[in-house]
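The values are calculated or read from the model by the stated rules, or taken from the named source; none is laboratory data. Worth saying up front: this structure is predicted, and the values here are computed from it rather than measured. Counting neighbours? That spans all protein chains shown, and the Cβs are built from the backbone with ideal geometry, glycine included. Keep in mind that these areas ignore ligands, DNA and RNA; they rest on the heavy atoms of the full protein, side chains included. Shrake-Rupley method; radii C 1.70, N 1.55, O 1.52, S 1.80 Å.
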Amino acid sequence: MSDTTFDIIIIGSGPGGYVAAIRAAQLGLKTAIVEKSYLGGICLNWGCIPTKALLRSAEIYHYMQHAKDYGLSADNVSYDPKAVVARSRGVSKRLNDGVGFLMKKNKIQIIWGAASIDAPGKVTVSASKTEAPKGTLGPGAYQAKHIIVATGARPRVLPGLEPDKKLVWTYFEAMVPEKMPKSLLVVGSGAIGIEFASFFHTMGAAVTVVEVLPQILPVEDAEIAGLARKRFEKQGIKILTGTRVTRLEKKADSVVATIDAGDGKPQTVEFDRVISAVGVVGNIENLGLEKLGIKTDRGCIVIDGTGKTNIPGIYAIGDVAGPPMLAHKAEHEGVICVEAIKGLHPHPMDKNLIPGCTYCNPQIASVGLTEAKAKEGGRESRVGRFPFAGNGKAIALGEDQGLVKVIFDKKTGQLLGAHMIGAEVTELIQGYVVAMNLETTEAELMHTVFPHPTLSEMMKEAVLDAYGQVLNA
């Protein structure tokens, strides 16, 4: 095979794309990955990782402001916005470089440019506006028996709420503010919106969140979302649900928003900046999908459980293949897709076993069915709860506000779902994810020894509560 012919070409180097490339190389497939902007995709450069770096700075700033709660003193606490942003960008740069190292280590050829699929097995790469890294191939015609589309997603734009990058931001601009706004409107209360609301509020902004649905964090369990709302409002974040932003009037250095709660009395409120966080849409344009007849649905490519599209030899993974639009889902989807191509017969993706995490303050994490979804599905369930206030480690940490909630099938003891709010729950949730993957029963969880004192003890206590055996509440 020449330098233009490969076993697999992957379009996009985000978490799905680069992980799929590594797995393909491990399986002995000659692999190339096409990228036009930055290695690591949105997640490493403008999403998951840099936002967590920002939120970490906000967390430390919060603790410094509350040092007296821990018997400490910290006077004249302040922050440098440019330094906070610079640290976040430095974290992204380190990981971006790491992806390049992994490609080189696994002998994966990087092709720099914008890709389109001419036909099954044929990819044309045109020049990118971004400078190509050293050692990459450039524009040209390439061939591969298998082509995986991993082009990710971009912020959804609603009419009347179009971002201008100055006054109305997407997550791109929200991560690199030149100065911290004194007042901020966040449109949308999904994970992205709530994380930015939490960050900017902690850094001193007066934050208002507007959500068109009756519940913030719409995909979460209603009880957990309700507790989250109470915590956010107690902190000082203003939350308006069942409400729309119908118009944005841009001024020299502020935005006047028209906010309609459906009561016939729309209000106008002025904010320094606005973040539009109304979801994302798959990057399916300019790939040649329509010409090839590849099925799409609501801006995403339609696939089966192993990444196959309706056209043989063409696959899709990650955000471009539909929800849940999460980096870890993309990674696992990439591995499944490549292993299926190799003939290893992997288990198809089970979206019910994909955890979701929101890194606000307090953190929120979940996996599986909500209580409402279990009921809608006709499942008779047992529900267990355990509060952070009953856990010694949480009290010692000064983090005694939160809840662990579990849902079991009443007949079989199957763990249907787990939902948490509180400190470090984004780390704790994986215990339940493993349990669900192993089809663990309530009896096995109740007979598992958890270390003391840890936050993880609440996971067992919640299970015990579901069966009337809770010990510490």
Which strands (runs of 3 or more DSSP E) does region 215-289 wholly contain that include 3 or more residues that are not β-branched (Val, Ile, Thr)? 244-250, 267-271
So which helices (runs of 4 or more DSSP H) stay within region 302-417 end to end and still have 3 or more residues that are in contact with a helix residue (DSSP H, G or I) (Cβ under 8 Å, 6 or more places away or on another chain), small (Gly, Ala, Ser) and buried (at least 16 other Cβ atoms within 10 Å of the Cβ)? 327-342
Can you pull out every residue in region 353-393 that is free of Cβ contacts under 8 Å to residues at least 40 places away in the same chain and not hydrophobic (A, V, I, L, M, F, W, C)? 375, 376, 377, 378, 379, 380, 381
If you take just the helices (runs of 4 or more DSSP H) that sit entirely in region 421-473, which of them hold at least 3 residues that are among the aliphatic types (A, V, I, L, M) and surrounded by 19 or more Cβ atoms within 10 Å (Cβ to Cβ)? 425-437, 457-466
Quick check on my filter: what residues within region 168-183 are surrounded by fewer than 24 Cβ atoms within 10 Å (Cβ to Cβ) and part of a strand (DSSP E or B)? 168, 183
Here are some residues: 134, 165, 145. Which one is part of a loop (DSSP other than H, G, I, E, B), in contact with a helix residue (DSSP H, G or I) (Cβ under 9 Å, 6 or more places away or on another chain) and not acidic (Asp, Glu)? 165
If you check residue 102 against the conditions, is it at pLDDT 95 or above, closer than 19 Å to residue 30 by Cα, aliphatic (A, V, I, L, M) and open to solvent by 30 Å² or more (accessible area, probe 1.4 Å)? yes
When residue 193 is evaluated against the numbered criteria (1) free of Cβ contacts under 8 Å to residues at least 12 places away in the same chain; (2) open to solvent by less than 40 Å² (accessible area, probe 1.4 Å); (3) small (Gly, Ala, Ser), which criterion, by number, is the only one it fails? (1)
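To keep it simple, each residue is scored yes or no on (1) in a helix (DSSP H, G or I); (2) farther than 30 Å from residue 21 by Cβ; (3) open to solvent by less than 50 Å² (accessible area, probe 1.4 Å); (4) not hydroxyl-bearing (Ser, Thr, Tyr).
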site	(1), (2), (3), (4)
53	yes, no, yes, yes
57	yes, yes, yes, no
60	yes, yes, no, yes
75	no, yes, no, yes
82	yes, yes, no, yes
Of everything in region 215-242, what is in contact with a strand residue (DSSP E or B) (Cβ under 7 Å, 6 or more places away or on another chain), closer than 17 Å to residue 420 by Cα and open to solvent by less than 40 Å² (accessible area, probe 1.4 Å)? Give them in sequence order. 216, 217, 220, 221, 224, 228, 232
I need the full set of residues from region 290-301 which are surrounded by 11 or more Cβ atoms within 10 Å (Cβ to Cβ) and part of a strand (DSSP E or B), in order please. 296, 300, 301
So which residues in region 130-151 are in contact (Cβ under 8 Å) with a residue 60 or more places away in the chain and open to solvent by 20 Å² or more (accessible area, probe 1.4 Å)? 130, 133, 137, 140, 141, 143, 145, 146, 151
